[in-house]
Amino acid sequence: MSTQQKLRLAVIGCGFFAQNHLHAWSEIPEVELIAVCDRDPARAEAARQRFGAPAAYTDVEAMLRAERLDFVDIATTMETHRALVGLAAAHGVHVIVQKPLAPSWEDCAAIVESCRAANVRLMVHENFRFQSPILAVRKAVAEGRIGTPHFAQLSFRSGYDVYSGQPYLATEKRFILIDLGIHILDVCRAIMGEAQTLYCLTQQVNPEIAGEDVATTLIRHAGGGVSIVDCSYSSRRLPELFPQTILRIEGSAGTIELLEGYRLRVTSNGAVEERDAEPVTPGWTEKPWHVVQESVLNLQRHWISAWMNGTDPETSGVDNLRTYGLVMAAYASAERGGAVVPAAPVP
Ligand code: NAD
Ligand code: 89V
């Protein structure tokens, strides 16, 4: 692809996690970074220099007016997403936007609708399902190695200090379900299918934060399967597992386990295979984040291939409403007590 044919990108938000987006884009030859934008001028300029962008902006609208862009990659926090996606859509620019899509269902639905009405592509940066070990699990399930899945347990339990890199997490009244649980619920959906009902219990163990830091969710899927999704940021245990998702899927012909240290064990029709599923990741990644960072690259490659094929990305806005609906149902269950039926996904 020549320079002229490259897709013209601007990254909006140049904070903590955007560094991974920018590194990953620099590995994708189909894309040219045209501009970066952050309302903090020092951050915008630092990203411009570090990633060789021709221009840095502090105002998204000014950038959209000045530059000819194919798409923007929005890596700001959720309360800004509705306005920023709306601006991009109004300029006919396609959008990737970080999770969580927005603070409320109404905002999420408005985001999806603004892109639909403007006929622009929308993908939510829901990256955990693109982690290489999780892709390996999904592939084994899709190939029928364990037959029909009927039970899953997905656990993300850690005592890692997420608050130092992302201080806003300590002040959110709703915390682990909407920030981290959303990823694990999304992986659960990707493997076990849509949820029919769910029941959730939350706990706040750490008294120094504002929201819940432990959540345990029990799901009945439309296909009849049952899952447990348990997440914690108050698990004191060595070795520390952050950011590993430990999972077990049981089916009619076997079991798939993703174990500590990225060991993948598949029991299929009475035979057991175990292998190391930890990916070799690019030089800019750093443990323990490397598997998450690599999933950013995998997700961006998926966006490009969906664009080239003219198909919807897996984590389109409409798809992501289903995951977001599980998070809202989990909060409703935890607040009211009892099982909850997730909201209809399409606005
Ligand atoms: P951050 O606060 O470090 O960075 C956000 C940046 O956006 C800041 O530099 C801020 O100045 C800028 N910004 C805010 N509003 C803006 C606007 N209107 N115009 C231009 N710039 C603006 O936050 P972060 O930790 O990088 O998180 C960003 C998003 O990424 C969040 O939604 C978070 O949940 C998500 N995140 C995702 C993952 C993942 O694995 N998918 C991991 C970490 C964070
Ligand atoms: O993925 C995320 O959104 C991050 C983390 C993994 C730390 O929860 O906030």
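Helical content of the chain, expressed as a calculated mean residue ellipticity at 222 nm, amounts to -10500 deg cm²/dmol (DSSP H runs of 4 or more residues, -39,500 (n - 2.57) each, divided by residue number, nearest 500). Relative to the Cα centre, the charge distribution of the stretch 193-290, modelled as +1 at Lys and Arg Cβ and -1 at Asp and Glu Cβ, gives a dipole magnitude of about 160 debye. Think of a 1.4 Å ball rolled over the protein heavy atoms: the stretch 247-340 then has 43 Å² of accessible area per residue. Highest-first packing order for the peptide set 215-223, 329-337, 51-59 is 215-223, 329-337, 51-59, based on the mean count of other beta carbon atoms within 10 Å. Our summary gives the stretch 192-347 a relative contact order of 22 percent, counting only alpha carbon pairs under 8 angstrom and 6 or more residues apart.
Over every Cα atom in the stretch 134-264, the radius of gyration and the widest Cα-Cα span, Dmax, amount to 15.2, 46 Å. Here the dipole of the chain is about 380 debye; that uses its Cα centre as origin and unit charges on the Cβ of Lys and Arg (positive) and Asp and Glu (negative).
Each peptide in 131-139, 259-267 receives the mean, over its residues, of other Cβ atoms within 10 Å, and ordering these scores from highest gives 131-139, 259-267. Of the peptides 21-28, 39-46, the order by per-residue mean of other Cβ atoms within 10 Å, starting with the highest, comes out as 21-28, 39-46.
Each residue of the stretch 62-118 gets 67 Å³ once the volume of the Cα convex hull is shared out per residue. Compute the angle between helix 105-118 and the longest alpha-carbon principal axis of the chain, please, reported from 0 to 90 degrees and rounded to the nearest 10. With both axes taken from Cα atoms, the answer is about 50 degrees. Helix 81-90 axis versus longest C-alpha principal axis of the chain: approximately 50°, rounded to the nearest ten. Only Cα pairs under 8 Å and 6+ residues apart enter the sum, and on that basis the relative contact order of the stretch 264-347 stands at 15 percent.
Entry comment: accessible area of the stretch 1-121 is 44 Å² per residue, from protein heavy atoms only and a probe of 1.4 Å. Rg/Rh for the stretch 81-170 stands at 1.09; both radii use Cα atoms, and Rh follows the Kirkwood definition.
Kirkwood radius, the chain, all distinct C-alpha pairs, inverse of mean reciprocal distance: 20.8 Å.
For the stretch 1-144, the share of alpha carbon pairs falling in successive 10 Å distance bins from zero is 12, 40, 33, 13, 2, 0 percent. Explain nothing, just the number: relative contact order of the chain, from Cα pairs under 8 Å at least 6 residues apart, as a whole percent. Contact order relative to length: 17 percent. Label-to-label distance for residue 312 and residue 228 is 3.3 nm, based on points extended 7 Å past Cα in the beta-carbon direction. Compared with the direct C-alpha span, the chain from residue 119 to residue 59 gains 19.2 nm at full extension, assuming 0.36 nm per residue.
As a ratio to 2.2 N^0.38 Å, the alpha-carbon radius of gyration for the stretch 5-44 is 1.16.
Of the solvent-accessible surface of the chain, computed with a 1.4 Å probe and all protein chains present, 50% belongs to carbon and sulfur. Each label point was placed 7 Å from the Cα along the Cα-to-Cβ direction; for residue 90 and residue 260 their separation is 5.3 nm. Note on residue 39/residue 269: beta-carbon distance plugged into 1/(1 + (r/R0)^6) with R0 of 56 Å gives a FRET efficiency of 0.50.
With viscosity 1.002 mPa s and temperature 20 °C, the Kirkwood radius over alpha carbon pairs of the stretch 205-252 converts through Stokes-Einstein to a diffusion coefficient of 162 µm²/s. Counting only alpha carbon atoms, the long axis of helix 182-192 and the longest principal axis of the chain meet at about 60°. For the chain, what proportion of DSSP beta bridges, expressed in % and rounded to the nearest 5, is antiparallel? Approximately 60 percent, going by the DSSP bridge assignments.
Here r is the Cβ-Cβ distance between residue 194 and residue 237 and R0 is 30 Å; the resulting FRET efficiency, rounded to 0.05, is 0.40.
The values are calculated or read from the model by the stated rules, or taken from the named source; none is laboratory data. As the structure is a computational prediction, the values presented were derived from the model and not from experiment. A quick note on method: Cβ atoms are made from the backbone with ideal geometry, for glycine too, and the neighbour counts reach across all protein chains shown. To get the accessible areas, we keep the full protein, side chains included, count just its heavy atoms, and leave off ligands, DNA and RNA. Shrake-Rupley method; radii C 1.70, N 1.55, O 1.52, S 1.80 Å.
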